[in-house]
Structures are given as C-alpha cells and as structure tokens.
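Comments concern the structure below.
The values are calculated or read from the model by the stated rules, or taken from the named source; none is laboratory data. Predicted model only: the values in this text are computed from it and were never measured. Cβ atoms come from the backbone with ideal geometry, glycine included; neighbour counts cover every protein chain shown.
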C-alpha cells in the first residue's frame, strides 16, 4: 500500500451486494420485502448499496513478514476501514468477530495512574473517559446496519460472523442480521454466562449473561472445527456410557465414545477482576472480554493460517487470540487508546511466543503494521471531541437546548458524531425536533429569508448532508453549512502538543525532557513541577534509521505497570536519522527526530 496525504473522499464507488435469501452472490443489490419475511424498520432507514474507497497511510511496521504476510491494525472509522479493505479483501475473511457498542447509555472510563510519586506528589491517579455508548435508537440501528452489510461483503463463502451484544439491542440486532444474512444462515445464539454480585433492592433477576449471534455466509457451508473445541465429558456421562447404546448422544461412529463433547450454546467464562478464574490477566480496558472466550470462537470457526477480522477492536483480545492460535488477522478501532493498548499487548505476546518451543507444524504471524485511515489523529480521544470543538470554534453553549449544541454568529450549531462519517441517519434527531411553529412565525414575517441558519460540524460526511437537511425542512427554507474538520482543521487548534528534548551523548540517545501537556493539565501541573518525566510515560519506541515516512521500531521500551522506561539507549554504529515515539499515560503521542551526527 502506498502512503498518501489526501484527506478527502476518493471518488471511486464500490458496489455492495445484499441479501437474496441467504445466498453468497455479492454481485448486485436486489431486495424487496417477501411475504412471511419480517423486516425491522426505523426512522430514516436507507439501503446501503455502495460505498467510497478511502486511502490508508502506513505509519508503523513491527516485526518481519511470515510467508509474505504481516497482520494489520487500522486506526479510523470502521466504515471507512472496511470500505478500504473491500478492494483487496472482499470475500477473504473466514471469521469476523465484533463487539460493537451496546447502546448501554454508559460512559466508559479508564483509570490513569502515574507510575511514581516524584512527578506529581500525592495526586497520582484520575479517570479518563474513553468513549460514550449513548445513541438515539434510529442512529444506532442505521450505524449497525451499514457495518453489517460491509462485513457480509468481506466474508469468505464459508465464513462466519460472531456478533457480541447484550439485552439492550439483541432483539433489534437479530432482526437486522436476518435481513442482511438471511434466516437460513443463522447458526447459534450463544449465551455467555458469568457471575457477580447484584445491587441491593433489585426488583428483577440479575442480568449475568451476554449474547453472541453466529451467522454463516452460506446456509450450507461453514467452518466448524468440532474436534478442536470439545470439552471433557462429566463423570455422569462417562458412567452412563454403554457400548452399543444408540441415541444417547454420546456415540461417535459405531461404538466409540468421543474424546469430550461439543460445548452447549451456554458458555461460562470469568469476567471480573484483574486476575480472573481463567488465569489470564486483563489489560484494564473498558468492556474487555475474556481471552478464553475469544480463543474458543477463533478455534471453532477459522482454520490455521486463516484470515480473521475484528473492526471494533477495543483491548485487542481477539487479535491476541488470533496471534496465539496461528491465524492471520486485521483489526480496526476509532479510539487511539485501543490502538495503543492493542499494539502493546501484541508486542508482549510476540515476546512470549519467541520463548515458546515451536512444534514442527507451528506457525505464528508475529509481524504487524499500523495504518491510519482519514487522519483521525485530530482527536486523540473522541469522547472529548465535542467540548474541544465548542472551545475551538468559539461556540456559545445554549443552556436549555437539547438539540443544538450552541450558537455562533447567528447560526445554530449542531456537532455531529466525530468518530465516524456523518450520515443522513445522524440528522434524524435534529429533524424530529424542528420547531415548525416558530418557523411558521418567522416565515410569515420575512417570507424570503431562511427560517433558520444551521451549522453542522462533522469529521467526514456524506456529500449530500446539507441538501438532505434542507429537503427535510420543506416547505420551509433553511440555510445549512457544513464545517468538516478533516477539511478545515488547519484553521483550528484542538490540543496542546507535547514537548520533548533529545540528545546524543557518548554514543547514547538520551531523552532529557518530556512534557505531555494535556496530561499535565489534567494533573494540574506546570512543566517546572515535574520531577521524573518517566513516571508519565507508557512506552518509548526508536527507529535508528527513519526513512521519513514509516516508523520501524528496533527498540520498544514498554515496561510493566509499575516500572519506568529507561530513557537512555545505546546508539548502533550504523544509525542515521533517529526517530523517537513517546506514548504517555493518556495514549497521546510525541514524535521527533535527531541525527546520529548531532
């Protein structure tokens, strides 16, 4: 893939296939409601028949290729990432697993703890909002519908989708899955069960399971490695087995008892704690799922060296499972914290695998690449984007409005979701709350003037977004402008950049100073008050011969939770332009270069 600096939407249109009774034909989009075939409808539902190609920029390379392949991680809106992947990977994925938003109406936070006490004294931790899972119903359903259509395009003819959800939207998602894949492609509704305390005064049964829907691309052909996922029979089953007894459910072949049974559709895996009962340490990312749960899915429905995909990556648990099980993978997430967490997690797994004796047939794809799609580095944390935009655009907040976010220069300002393309579905709430009574009054007073001036602020948008809003306002005339941050970001300042000072002394690279400005602001610290900068750092990566475009770290200094980075590194004799990437505890980045001759 070539590096590109474009941040506009490419004009190439990629046509999408769609449901025709669960067939694998993806050459055309033809679907009409059929008698006896229920469909879920919502306000503003639109067919998703084509998408645009989005370029990707290669940013980092870790490790070597294995048989010509490196795994891939994409930072960006997964709709854009999947649109990018269609060109090369259409019909290629054996397995797609997604753990999408649940519409839980919750804000998920991560605890940030400084690694020592010299840097900040007694105020050593705080919570940082990672993302918000708050949607309007129609917006959420269109969001999921479009992504499921793209996933179907990417699945191989014998491929499978596992969708992880809970009680909030499982009933709606099941209907959408039936529509996109076809009812005949439904394989299982798996209940992942776990334990935990309830709240005092509960007036219902304790909700202690999630739902995982399994749909295959084909109604007749799919991968299922039954032998590899069998679990031991319980003692009663073994005791009841009698040679020659048929119809018991225990017999494999004529008179043999299989080595273990295929698991039922209710699974029990531990969820709570940093060191849960399954013995696998969690990384502390919000909504992280147990690694053994994902290893069962990967083992069951993909082949060794097969290609698998997760476009709601989060903590990287699925990618970790794929790497450990010898699968090739691609992952994506909009949140930079997810990208950094997954990168660190994968590098740790690679180190573990290097120390593991390999069998004669063992193969691990340990190299991976990092890509950006559409420059989402404007906002390190989408959860904070709205407040940053209001400040940067000098928008005056409206105290009582529940629809508009503020007012600027006589225009009502609506900030659209900035962690994905703004679409017609994102306008539904605004359209539903049009004040027709006030508009009629304004029209009567000034028939030739717009009854409202509206500014939509977004981060990538459908080309007809303004026209769609104007059309919805008919018969009234409104004036709509779109401020697209991807296009207009040069005029705006959203964050304070970190600062660092590098030096080469006696053949060693020395990081003399590092000031993560946003982190210091959250800790209410000035630069002069920082004791040891290393206490504020998650990792340091160094490329000794930087080519000016792609970082290829030869040094990855990523210590444990309570350990500090070294800060001093031996420079190889053949080093040229040295590139240093420092990641702070907020997952924000500083990158800088120094010449070996300096």
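The numbered conditions (1) outside any strand (DSSP E or B); (2) assigned by TED's automatic domain parsing to the domain that holds residue 154; (3) at pLDDT 75 or above are all true for residue 388 except (2).
Tallying residues that are under 19 Å from the mean Cα position of the chain (by Cα) and part of a helix (DSSP H, G or I) within the range 154-172 yields 1.
All of 393, 389, 421 fail the test of being over 25 Å from the mean Cα position of the chain (by Cα), within 27 Å of residue 336 (Cβ to Cβ), in contact (Cβ under 8 Å) with a residue 24 or more places away in the chain and crowded, with 19+ Cβ neighbours inside 10 Å, apart from 393. Checking each residue in the range 515-558 for being touching a helix residue (DSSP H, G or I) at 6+ places or on another chain (Cβ under 9 Å), without any contact (Cβ under 8 Å) to a residue 40 or more places away in the chain, surrounded by 13 or more Cβ atoms within 10 Å (Cβ to Cβ) and not in a helix (DSSP H, G or I) picks out only 515. All of 133, 99 fail the test of being at pLDDT below 75 and surrounded by 15 or more Cβ atoms within 10 Å (Cβ to Cβ), apart from 133.
Look through 246, 274 and report the one residue that is farther than 19 Å from residue 164 by Cβ, in the same structural domain as residue 342 (by TED's automatic domain parsing), surrounded by fewer than 18 Cβ atoms within 10 Å (Cβ to Cβ) and modelled with pLDDT under 75.
On the way: 246 fails: in the same structural domain as residue 342 (by TED's automatic domain parsing).
Within the list 246, 274, the selection yields 274.
Considering only residues in the range 430-443 that are in a helix (DSSP H, G or I) and touching a strand residue (DSSP E or B) at 6+ places or on another chain (Cβ under 9 Å), the one that is surrounded by the fewest Cβ atoms within 10 Å (Cβ to Cβ) turns out to be 438.
What tally of residues in the range 570-588 results from selecting those that are crowded, with 20+ Cβ neighbours inside 10 Å, touching a residue at least 40 places away in the same chain (Cβ under 8 Å) and not in a loop (DSSP other than H, G, I, E, B)? Explain how you work it out, then say what you get.
Going through the range 570-588, the residues crowded, with 20+ Cβ neighbours inside 10 Å turn out to be 575, 578-580, 582-588.
Right, trim to touching a residue at least 40 places away in the same chain (Cβ under 8 Å) and you get 578, 580, 582-588.
Those still in the list that are not in a loop (DSSP other than H, G, I, E, B) too: 578, 580, 582-584.
Of the residues in the range 570-588, 5 are crowded, with 20+ Cβ neighbours inside 10 Å, touching a residue at least 40 places away in the same chain (Cβ under 8 Å) and not in a loop (DSSP other than H, G, I, E, B).
Is it fair to say residue 419 is under 21 Å from residue 389 (Cβ atoms) and not assigned by TED's automatic domain parsing to the domain that holds residue 47? Answer is yes for this residue.
Contact map, the range 38-52: residues that are in contact (Cβ under 8 Å) with a residue 60 or more places away in the chain and assigned by TED's automatic domain parsing to the domain that holds residue 90 paired with residues that are surrounded by 15 or more Cβ atoms within 10 Å (Cβ to Cβ) and assigned to a loop (DSSP other than H, G, I, E, B), Cβ distance under 7 Å, separation 6+ or inter-chain. Pairs shown: 48/16; 51/16.
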